[in-house]
1. Calculate, in whole percent, how much of the Cα-Cα pair population of the stretch 245-296 lies beyond 13 Å.
2. Using modelled amide H (1.01 Å from N, peptide plane; none on Pro or chain starts), what sits under 5 Å from the amide H of Glu19, excluding residues fewer than 5 places away?
3. Over the stretch 1-146, what per residue volume does the convex hull of the Cα atoms give, in whole Å³?
4. Please list 25-37, 209-221 highest first by mean number of surrounding beta-carbon atoms within 10 Å per residue.
5. Between Phe68 and Cys107, what's the calculated FRET efficiency when r is the beta-carbon distance and R0 is 30 Å? Round to 0.05.
6. Counting heavy atoms of the protein chains only and a 1.4 Å probe, report the per residue accessible area for the chain as a whole number of Å².
7. By its C-alpha gyration tensor, with a ≥ b ≥ c as the square roots of the eigenvalues, how is the stretch 88-187 shaped: rounded for a/c under 1.5, else prolate for a/b larger than b/c, else oblate?
8. Please identify which residues in the stretch 89-108 have an amide N closer than 17 Å to a label point set 7 Å out from the Cα of Thr50, following the Cα→Cβ vector.
Amino acid sequence: MIQLTISSDGLIKSATGSELLEVFSMTDEELVGLPYAVIDKEQLEMGIHTRIFVQRTGDTIPVQMAVFRKNGEWMVWAQPLLGDKQDELRLQASEVLFQSIAYVTSCGDPELKAHVQRVGKYARFCAERILRWNTLDAKRLELAALVHDVGKITIPSVLRLKPGELDHDERRYIEQHTERGHHVIVALEQRFAKNALWMMDQKLLHFAKDVTLFHHENWDGSGYPTNLSGTDIPMAARVVKMLDVIDALLSHRVYKSPWPWRKVKEQVILLSGTELDETLVKELVLHEPDFLRLVEVTHESIPSVEL
Ligand SMILES: [Fe+2]
Ligand SMILES: [Fe+2]
């Protein structure tokens with residue numbers, strides 16, 4: 001915790017805290033006597049704020065601050081958000097954005113809306129239980145899974161929801177939702193790079209780019225859009241691919257009714273080594289009781305919608 005006292009003429013009267021150097025790149029001796037505006041151009045404002053400080057190195061650091069008055073002087077208590085805390089803050093901001101993207105993508109398509117939410121929950125389970133990723137990476141995979149079909153926003157619903165067989169051109173057009181989704185995330189990244197890069201979790205963007213582009217690749221290289229195969233397909237995309245297939249089989253589609261879990265499991269095992277990563281399928285089967293419980297709870301709270 002950093003504590004600053006600012007005198008009525010706006011000068012820093014005292015500065016204490018072991019993180020002073022880390023946040024301001026200045027020692028207490030350097031800070032005392034300087035105008036407060038040197039470190040915070042927003043000046044003093046009573047209340048609790050999150051501010052971004054630009055360090056001497058040019059790096060930015062988010063800081064939570066409490067600003068109040070005591071005995072005619074301004075007191076500033078600041079808590080820098082370092083390491084995991086900083087990542088948590090970025091993920092919280094990113095979650096709002098990714099949930100909004102998922103919402104907009106699936107407007108007018110309640111089954112797509114439910115599908116991406118369910119796949120997100122399954123992805124988090126796989127990240128935590130199968131891949132044994134840490135909590136933040138599991139959250140990142142959940143959010144990336146939420147936007148895996150964002151490219152569908154560019155596909156007219158008359159085509160997306162068309163019952164019956166699609167011709168070659170229609171199929172090709174729908175398949176483009178992978179590249180188009182990837183473009184959406186890249187465009188988002190570029191906008192944040194211009195205005196507010198500190199707010200965006202870089203690893204999440206990385207996962208989201210992998211998942212949007214590669215979630216229809218097959219383990220044997222027969223998928224689309226790039227025919228990537230095996231471990232060349234990023235892990236995040238391999239997981240979402242498996243869960244995308246599972247959720248589609250368990251749910252209503254314009255061309256099929258929901259399948260029971262027993263039949264879905266048989267199909268997933270059949271596809272392992274060709275469409276799906278064999279190791280992931282094996283691991284999922286090992287965790288079947290817990291996964292099935294999650295599937296049941298999730299389908300109850302986010303049911304599949306017949307269109
Ligand atoms: Fe897709
Ligand atoms: Fe999907």
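1. Of all Cα-Cα pairs in the stretch 245-296, 59 percent lie more than 13 Å apart.
2. Distant-sequence amide H within range of Glu19: zero hits.
3. Per-residue hull volume (Cα only) is 138 Å³.
4. The packing order, highest mean first, is 209-221, 25-37.
5. Given R0 = 30 Å and the Cβ-Cβ separation, E is 0.10.
6. So the chain comes to 50 Å² accessible per residue, rounded to a whole number.
7. Verdict is prolate for the stretch 88-187.
8. Backbone N within reach: 89-100.
The values are calculated or read from the model by the stated rules, or taken from the named source; none is laboratory data. The structure presented is a predicted model; accordingly, all values stated were derived computationally and were not measured. A quick note on method: Cβ atoms are made from the backbone with ideal geometry, for glycine too, and the neighbour counts reach across all protein chains shown. Just the protein is used for accessible areas: all its heavy atoms, side chains included, with ligands, DNA and RNA removed. Shrake-Rupley method; radii C 1.70, N 1.55, O 1.52, S 1.80 Å.
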